[in-house]
1. Of the residues that make up the stretch 261-268, is at least one on the phi < 0 side of the Ramachandran plot, of a type in the set (D, E) and part of a helix (DSSP H, G or I)?
2. Let me confirm something: among E286, E351, E345, which residue is acidic (D, E), farther than 21 Å from W261 by Cα and either assigned to a helix (DSSP H, G or I) or modelled with pLDDT of 90 or more (or both)?
3. Kindly indicate whether T164 is polar (S, T, N, Q), under 24 Å from A305 (Cβ atoms) and surrounded by 23 or more Cβ atoms within 10 Å (Cβ to Cβ).
4. Among the residues of the stretch 34-73, write down those that are outside any strand (DSSP E or B), closer than 25 Å to M145 by Cβ and not hydrophobic (A, V, I, L, M, F, W, C).
5. Let me confirm something: among A200, A243, A258, which residue is touching a strand residue (DSSP E or B) at 6+ places or on another chain (Cβ under 8 Å), outside the structural domain of H154 (by TED's automatic domain parsing) and surrounded by 17 or more Cβ atoms within 10 Å (Cβ to Cβ)?
6. Is it the case that E253 is assigned to a helix (DSSP H, G or I), charged (D, E, K, R), more than 22 Å from the chain's Cα centre (by Cα) and within 18 Å of I233 (Cα to Cα)?
7. Can you list the strands (runs of 3 or more DSSP E) found entirely within the stretch 124-187 that contain at least 3 residues being closer than 25 Å to A65 by Cα and modelled with pLDDT under 90?
8. Answer yes or no as to whether P300 is surrounded by 18 or more Cβ atoms within 10 Å (Cβ to Cβ) and either of a type in the set (A, V, I, L, M) or not assigned by TED's automatic domain parsing to the domain that holds D163 (or both).
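The values are calculated or read from the model by the stated rules, or taken from the named source; none is laboratory data. None of the values given here were measured: they were computed from a predicted structure. Using ideal geometry, Cβ is built from the backbone for each residue, glycine included, and neighbour counts are taken over all protein chains shown.
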Amino acid sequence: MQPPTPLRFKLAACALAAGGFAATAAVDAQPLGRAEIVALSHSVGRVEARLDDGRVGVGSAITVAQGVLVTNCHVTSKALSIKVIGGGMPWAVTEQVADVNHDVCFLRVPEWPHPPVRLRGASPLKVGQPVSAMGFTALAMTLRMGEITALHAHESAQIIETDTAFNSGASGGGLFDEEGALIGMLTFRMRGGTAGHYFAVPMQWIRDRLPRESQWAEIAPLEKARPFWAGDIDQLPLFMRAASLEEQGRWSELRSVAEFWTAHDPDNPDAYLALGIAMRRLAAHEAAVESLSRAVALAPKNAQAWFNLGQAYRASGNWGALRRVVDALAQLDEALARRLRSESEKSTAGEIDP
């Protein structure tokens, strides 16, 4: 069997509007107040890195301690010099500390005048929780509001997937909870992926790696290692392998990966969702229902799991169960519920009651 085609990812960013914030809301969530937004905006800077090939790399950075900001290493990995723009003023970066594998790079900016953000405490994140993404591209900042769509276990932490769409420029920007506390750093998205494939590395990786004085090093191009999300497919986390195979429609291979995943992480709802999707596409309807039922039991607010469970019931002709799924899904995602109902009505000729 040939290995799956390597994943391709695009760097993180947000669409911006000159002269202020461009704000969009992906869900009907409680947004941050204007005062909180303004306060956070002072603590997020625009990174400009002069690269070893003569180009200028751009990204974002978050203030996490006095005179210390954090960004993604893929923004600064080839930098000969770096500056951070804040309040319309450039501030020189004098030293750095890099963890290339986790894509977490700290920048020392001794004269940076802006305060650190608040790091979220120990309370767990939840799917469906409102979030706000803040970062730079071009010359201005954007705030995008949405929600957590999935939490992917990786190295004793959780990679955060949201529907707060971003693209090049906001790598290193902040992902904040509804109280304005930092929960993650905008890092990568899947190229050409389904809406919602936008990922942030967890705040724990930042907090646990805050530099000691002895760790600071001069600004210079970093080692040529790749971050965890940019490796060959057999080196990627399982949730990324599954996403790639699903996107490519490689259902038998997805089944194999998902079966391995459920065996090694039996309490992970994403593993059962991936297995259920593979089984449904392979017309193994009973197995699909079993896996997807397990997924919704583990993650009852995962709208995609409910939607796929409904599709599996539709394929197996279980109209009563399908009606119950439509009702449950309507409480989570009305658009997906309408889509499921519409697709079901075409195949049941009215057997789904309006």
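1. Checked against the condition, which is being on the phi < 0 side of the Ramachandran plot, of a type in the set (D, E) and part of a helix (DSSP H, G or I), the stretch 261-268 yields no hits at all.
2. E345
3. So T164 fits the description; yes.
4. R34, E36, S41, H42, S43, N72
5. Just one listed residue meets the conditions, A243.
6. So E253 passes the test.
7. Here the list reads 140-154.
8. Considered against the rule, which asks whether it is surrounded by 18 or more Cβ atoms within 10 Å (Cβ to Cβ) and either of a type in the set (A, V, I, L, M) or not assigned by TED's automatic domain parsing to the domain that holds D163 (or both), P300 comes out as no.
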